[in-house]
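Participant: My questions all concern the structure below.
The values are calculated or read from the model by the stated rules, or taken from the named source; none is laboratory data. Please read these numbers as outputs of a predicted model, since none were measured by experiment. With ideal geometry, Cβ positions are generated from the backbone for all residues, glycine too; neighbour counts draw on all protein chains shown.
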Amino acid sequence: MKKTVLPPDDLRRLAGLRHALHAAPELSGQERATAETLATFLATTRPDHILRGLGGHGLAVVYAGKVPGPSVMFRAELDGLPIAARGGYAHASRIPGIAHLCGHDGHMAILAGLGLWLARNRPARGRVILLFQPAEETGEGARAVLADPQFAQLCPDWAFALHNMPGLPLGALAVGPGPASCASVGLRLAYQGREAHASLPETGVSPAPALAALMADLAPYSASPAMGPDYRLATLCHMQMGAPAFGIAPGQAEAWITLRTLCDTALAEFEAEVVARAQSRAAALGLDVKITRHDHFNATLNDAQAAAHVAQAGAELGLQKAEFALPMRASEDFGAFGARTRTGLCFLGAGVAQPALHTPDYDFPDALIAPGVALFAAIWRRVLDNAQ
Ligand SMILES: [Zn+2]
Ligand SMILES: [Zn+2]
């Protein structure tokens, strides 16, 4: 099998589609126009069903065979990021402060390419579902899709996704059984004490000692520990205290932290410990603390057989094996699908010299569209062949 399963004209159309999506990014939960663009693009592939409004602006495009067989879902993400791109190229984001810096525009183009391929290689049996999922960046989209009653019409036996990975050679593949991406959660700690005149700080209640204690408590988890069953990482992302004035002792503060572990139960334990410690520290200092959780991502655990299908599909295509230690430290909400189906998440190199994901210069390489489509097509064939 070749690394390209589409003719050059299709690849040019897909690059054009990616550029259009890249120029008009939408934030998590607001991907209405993005979903519409994809529905219009894929209408020409004559799918058997289209489901709209899945878990928000999600879109599922289904190609069904006449005979029962495996139901295989491939997933891409619809959302951009609230980060300004540096731009300076023709298809740069036209929306101030919003950009496709995670390469989701490329993932969508790959999935649309699979649709073009399926139009010519319609499933004889089983079915293929292209899921364009909303709100991946906030960790809410996959769960919202699963909670949508329409998902009962899909119920895939298998679900696959890829994420592009700058720093790895273009088209190199990383996949394996077990943990593929970390569980994580954001905690926002809002401290309330009492302000005082700066000359009389002892008459107020300052949150400063609580912030200092929080930093000390998290310090053991702030380095880069080796990946292992006890892996715990705490990143202090943001802090704010009082007002920028020399005459006031602060009465209020906020701290934002992100916690990461290898699996969901370890995350729940870590979170409970951090919350209990922060609450007891605050109480001892006479402070009130309100703790809210945000951006919760399940860990992604690859099913062994799903991972084997991906690895074998990559080998068939002659894709280089990437030197990349799994799991990825960052999180992916694709893990939520693991509760309902057998999942396989893999990483495809976006080029060694590419800027990192979520940085202002990142632009998904068009050269990765062809191998991405070929990989998904090969995975589908492998699942089908093995289901006989
Ligand atoms: Zn991202
Ligand atoms: Zn992403």
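Participant: Report the residue count in the stretch 200-220 for those that are among the hydroxyl-bearing types (Ser, Thr, Tyr) and either in a strand (DSSP E or B) or without any contact (Cβ under 8 Å) to a residue 24 or more places away in the chain (or both).
Facilitator: Selection size over the stretch 200-220: 1.
Participant: Still on this model: Among the residues that make up the stretch 106-121, is at least one of them in the same structural domain as residue 345 (by TED's automatic domain parsing), farther than 23 Å from residue 6 by Cα, among the hydrophobic types (A, V, I, L, M, F, W, C) and within 16 Å of ligand 2 (Cβ to nearest atom)?
Facilitator: Checked the stretch 106-121: no residue is in the same structural domain as residue 345 (by TED's automatic domain parsing), farther than 23 Å from residue 6 by Cα, among the hydrophobic types (A, V, I, L, M, F, W, C) and within 16 Å of ligand 2 (Cβ to nearest atom).
Participant: Right, something else. Quick check on residue 350: is it buried (at least 22 other Cβ atoms within 10 Å of the Cβ), in contact (Cβ under 8 Å) with a residue 60 or more places away in the chain and within 16 Å of ligand 2 (Cβ to nearest atom)?
Facilitator: So residue 350 fits the description; yes.
Participant: Let me ask something additional. Among the listed residues 116, 111, 131, which satisfies the condition of being surrounded by fewer than 24 Cβ atoms within 10 Å (Cβ to Cβ) and either within 25 Å of residue 335 (Cβ to Cβ) or away from ligand 1 (no atom under 16 Å from the Cβ) (or both)?
Facilitator: Of 116, 111, 131, the one residue that is surrounded by fewer than 24 Cβ atoms within 10 Å (Cβ to Cβ) and either within 25 Å of residue 335 (Cβ to Cβ) or away from ligand 1 (no atom under 16 Å from the Cβ) (or both) is 116.
Participant: Turning to a different aspect of this structure: Of all residues being buried (at least 22 other Cβ atoms within 10 Å of the Cβ) and on the phi < 0 side of the Ramachandran plot in the stretch 94-105, which is farthest from ligand 2 (Cβ to nearest atom)? Just the residue, please.
Facilitator: Only one residue tops the list, namely 99.
Participant: Here's something else I'd like to know. I'd like to check something: does the stretch 358-367 contain any residue that is away from ligand 2 (no atom under 14 Å from the Cβ), among the β-branched types (Val, Ile, Thr) and in the same structural domain as residue 166 (by TED's automatic domain parsing)?
Facilitator: Among the residues of the stretch 358-367, not one is away from ligand 2 (no atom under 14 Å from the Cβ), among the β-branched types (Val, Ile, Thr) and in the same structural domain as residue 166 (by TED's automatic domain parsing), which makes the answer no.
Participant: How many residues, within the stretch 63-86, are in a loop (DSSP other than H, G, I, E, B) and within 16 Å of ligand 2 (Cβ to nearest atom)?
Facilitator: Residues that pass the stated criteria total 6.
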